[in-house]
Amino acid sequence: MQAVILAGGLATRLGALTEATPKSLLLVAGRAFIDWQLERLARCGILRVVLCIGHLGERIREHVGDGRNSGLAVDYCEDGPVLRGTAGALRRALPLLDPEFLVTYGDSYLTFDYAALLGDLVAHPDALGSMSVYRNQGRYDASNTEVRGEWVVRYHKGESDPALDHIDYGALALRREVVVSLAEDHRGSLAELQTELAARGLLRAFRVSERFYEIGSESGLRELAAKLGAVG
């Protein structure tokens, strides 16, 4: 099983914390965040990881290496000099992708079973993607997803609508053919892909019951440090 981590962002919300340190290497409860993230993936049975890196990416490569210390095989894909967005980063990584793979963000810490999400997509050939969703109701961030039964029927960031009572949890299972369909020089976000797949009725909803954590803000860093410090 394969996971892609999108870790090339500039992390501007964190200000001085990430001027010289990539977000993935920020310390959380005494360890670099990427170590916690890779450990979670390995525990779920993920065998191989593709790290899409950009800003200060050489620091991440030096720290993680080939992944063997985390029980994984890690490959790298450089974002390049032009910012292409999260979907553009996936397109650059196309030669490394499996027929079905997971994709998550370089600032997301998720406590669910990644392998079960990938298994959901594999078990449903009528879908091109399976998105983890949490019934957020505006609690931890703005909700952006409408779910009916087993399907995401609408995904829209920035829209205020009570029907959008779920949120993108931070992990997505995709078929490689979705990425193949993108132009080689594609610039765009993963959110745009999710919006399109939902509109076409091709995006499954994989429901998760426990909240997500993220380190994209200082408050998120503090919340995750409290959680991991308590269990670590």
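The values are calculated or read from the model by the stated rules, or taken from the named source; none is laboratory data. Treat the numbers as computed from the prediction; the structure is a model and nothing was measured. Note: ideal-geometry Cβ built from the backbone for every residue, glycine included; neighbour counts use all protein chains shown.
Determine which single condition Met131 fails, assuming it passes every other condition in (1) part of a loop (DSSP other than H, G, I, E, B); (2) surrounded by 17 or more Cβ atoms within 10 Å (Cβ to Cβ); (3) of a type outside the set (Lys, Arg).
Checking Met131 against (1) part of a loop (DSSP other than H, G, I, E, B); (2) surrounded by 17 or more Cβ atoms within 10 Å (Cβ to Cβ); (3) of a type outside the set (Lys, Arg), the one that fails is (1).
Taking the stretch 1-27, which residues are part of a strand (DSSP E or B) and more than 18 Å from the chain's Cα centre (by Cα)?
Hit for the stretch 1-27 is Leu27, nothing else.
Among the residues of the stretch 93-105, is any surrounded by fewer than 14 Cβ atoms within 10 Å (Cβ to Cβ), touching a helix residue (DSSP H, G or I) at 6+ places or on another chain (Cβ under 6 Å) and part of a loop (DSSP other than H, G, I, E, B)?
The answer is yes; a qualifying residue exists.
Of the residues Leu193, Leu117, which is closer than 23 Å to Glu39 by Cβ and either of a type in the set (A, V, I, L, M, F, W, C) or surrounded by fewer than 21 Cβ atoms within 10 Å (Cβ to Cβ) (or both)?
Leu117
Condition first: closer than 23 Å to Gly188 by Cα and touching a strand residue (DSSP E or B) at 6+ places or on another chain (Cβ under 6 Å). Can you find one or more residues in the stretch 31-50 that meet it?
Yes: the stretch 31-50 contains one or more residues that are closer than 23 Å to Gly188 by Cα and touching a strand residue (DSSP E or B) at 6+ places or on another chain (Cβ under 6 Å).
Go over the candidates Val147, Val153 one by one and state the one that is part of a strand (DSSP E or B) and surrounded by fewer than 17 Cβ atoms within 10 Å (Cβ to Cβ).
Val153
Among Ile60, Ile53, which is the only one that is farther than 24 Å from Gly129 by Cβ, out of contact with any Cys (no Cβ under 7 Å at 6 or more places or on another chain) and crowded, with 22+ Cβ neighbours inside 10 Å?
Within the list Ile60, Ile53, the selection yields Ile60.
So the check is Cβ under 6 Å with 6+ separation or different chains; which pairs have a first residue in the stretch 61-81 that's more than 20 Å from His186 (Cβ to Cβ) and a second one that's assigned to a loop (DSSP other than H, G, I, E, B) and of a type in the set (D, E, K, R)?
Close Cβ pairs satisfying both conditions: Val74/Asp66.
Against the conditions (1) over 28 Å from Leu118 (Cα atoms); (2) aliphatic (A, V, I, L, M); (3) surrounded by fewer than 18 Cβ atoms within 10 Å (Cβ to Cβ), where does Leu47 fall short? Just the number, please.
Single failed check for Leu47: (1).
What number of residues within the stretch 23-60 are in contact (Cβ under 8 Å) with a residue 40 or more places away in the chain and touching a Leu at 6+ places or on another chain (Cβ under 6 Å)?
Number satisfying all stated conditions: 7.
Is at least one residue of the stretch 107-121 within 30 Å of Glu19 (Cβ to Cβ) and not hydroxyl-bearing (Ser, Thr, Tyr)?
Checked the stretch 107-121: at least one residue is within 30 Å of Glu19 (Cβ to Cβ) and not hydroxyl-bearing (Ser, Thr, Tyr).
Can Asn136 be described as closer than 27 Å to Trp36 by Cβ, at pLDDT below 95 and buried (at least 18 other Cβ atoms within 10 Å of the Cβ)?
So Asn136 passes the test.
When residues of the stretch 185-232 are filtered for being within 25 Å of Ala127 (Cβ to Cβ), among the aliphatic types (A, V, I, L, M), in contact with a helix residue (DSSP H, G or I) (Cβ under 7 Å, 6 or more places away or on another chain) and assigned to a helix (DSSP H, G or I), how many remain?
Final tally of qualifying residues: 2.
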